[in-house]
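One structure is given here, and the rest of the page talks about it.
The values are calculated or read from the model by the stated rules, or taken from the named source; none is laboratory data. Just so it is clear, the model here is predicted, and its values are computed rather than measured. Here the Cβ is made from the backbone with ideal geometry for all residues, glycine too, and neighbour counts use every protein chain on show. When the accessible area is computed, the model is the full protein with side chains, heavy atoms only, and any ligands, DNA or RNA have been set aside. Shrake-Rupley method; radii C 1.70, N 1.55, O 1.52, S 1.80 Å.
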Amino acid sequence: GPAKKQRHILRGRFELLELLGSGGMGDVFLAKDLLKEEMQDAECMVALKLLNENFSTHYAALQALQREAKKSQALSHPNIVTVYDFDRDADTAFITMEYIKGMPLKDYIKKNHGMEYKKAMSAMMGIALGLAYAHSKGYVHADIKPANLFITDEHKVKILDFGIAQAFKASVKEAPNAADELTKNAMTVSYASVEMLEGQALAPSDDIYALACVMHELLVGKHPFMGKNGRAIPADQARDLGLKVANIPGVSRRNMAALRKGLSFSHKDRFQNAGEFIDAIKPRPIKTYAVLLTATALITGRVHWADT
């Protein structure tokens, strides 16, 4: 009969089914967890990230990644993609994580030239909630960008690759020879704060700069600071050029103020963490008297200001 298609099974447990995407670190596959299938677990699909050779051959880089994967296993939040495990099969190192149906925010923005205002703000709230949870536990993501944010078919937003940027940094310290290869992918320059570009210690406010860049991209369809060549301008250059963000039609004054504060070039002028950002964008409670007036109008059919 016809030759049977070769099955790719890692660790005797994970069967690679299809390529979902490729990134700087390696390829992501949809995989079936055969052990879970055997246990008749309904949820037997996982996303499996196969790390490229730069990683797989550098022991220090692998150790750093393993540490970070272990730490990110502790992050359990509906807006963060769950990391299950870090493993290897002979020369192949891989990370298994929750499989979700949807697309990277990067693709969504490209396809739709941004996102409708209300939807965009609800997406921002989701990302900020995931980040606020991580910040409260002492984590900084350090690589927030539309390619690391995933929008599910139910329109929930999830953060990918928590701790990966730190693993890069740590592995560079431990394996300087691997440094060039690894750092190329470690930071997306156009979403990095001035402090990150200067190599300062990571702080939650670094994530805020990136978050504000994403907010602008959702609302306008492009990065807040664009050069004539159609490329995004890094924060330190944007600062030196004195660039400012124009008002966005239809965006409330309050949300514009939050966006501008998030895009501040200096750490001290930005929100210090995602919790502060949430407070600035969350819908305000309607003042009680306004509610009472409306209620009165509904009951009497009109509002009696004064009986003259």
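Between Lys110 and Glu154, what FRET efficiency follows from the Cβ-Cβ distance if R0 is 22 Å, with the result rounded to 0.05?
Between Lys110 and Glu154 the formula returns 0.60.
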Next item on the list: Provide the FRET efficiency to the nearest 0.05 for the Tyr117-Lys261 pair, computing r from the beta carbons and using R0 = 30 Å.
Entry: 0.95
Next item on the list: Can you figure out the FRET efficiency of Arg284 with Met226, using R₀ = 30 Å and their beta-carbon distance, to the nearest 0.05?
Entry: 0.40
Notebook entry, point to check: How much accessible surface area, in Å² rounded to 10, belongs to the heavy atoms of Glu217 with a 1.4 Å probe?
Noted result: 20 Å²
Check: If you roll a 1.4 Å probe over region 10-159 with all protein chains in place, what percent of the accessible area is carbon or sulfur?
Finding: 50 percent
Item checked: Contour excess over end-to-end distance, with Cα ends at Leu34 and Ser136 and 0.36 nm allotted per residue -> 33.1 nm
Margin query: Within 12 Å, Cβ to Cβ, of Leu197, how many net charges do the neighbouring residues add up to if Lys/Arg are +1 and Asp/Glu are -1?
Written below: -4
Item checked: Surface per residue (accessible, 1.4 Å probe) for region 21-120, Å² -> 54 Å²
Checklist line | Centroid-to-centroid separation of region 208-239 and region 82-148 [C-alpha atoms, Å] | finding: 19 Å
Margin query: I need the shape label for region 230-281. Rule: rounded when a/c is under 1.5, else prolate if a/b > b/c, else oblate, with a, b, c from the alpha carbon gyration tensor.
Written below: oblate
Next item on the list: If a/c stays under 1.5 just call it rounded; otherwise compare a/b with b/c (prolate if a/b is bigger, oblate if not). Do that for region 42-157, with a ≥ b ≥ c from the square roots of the Cα gyration tensor eigenvalues.
Entry: prolate
Margin query: At 0.36 nm per residue, and after removing the present C-alpha to C-alpha distance, how many nm does the segment from Lys101 to Leu197 gain when stretched out fully?
Written below: 31.2 nm
Notebook entry, point to check: With Cβ to Cβ distances under 13 Å as the rule, what net charge do the other residues near Arg254 carry (K, R +1; D, E -1)?
Noted result: +4
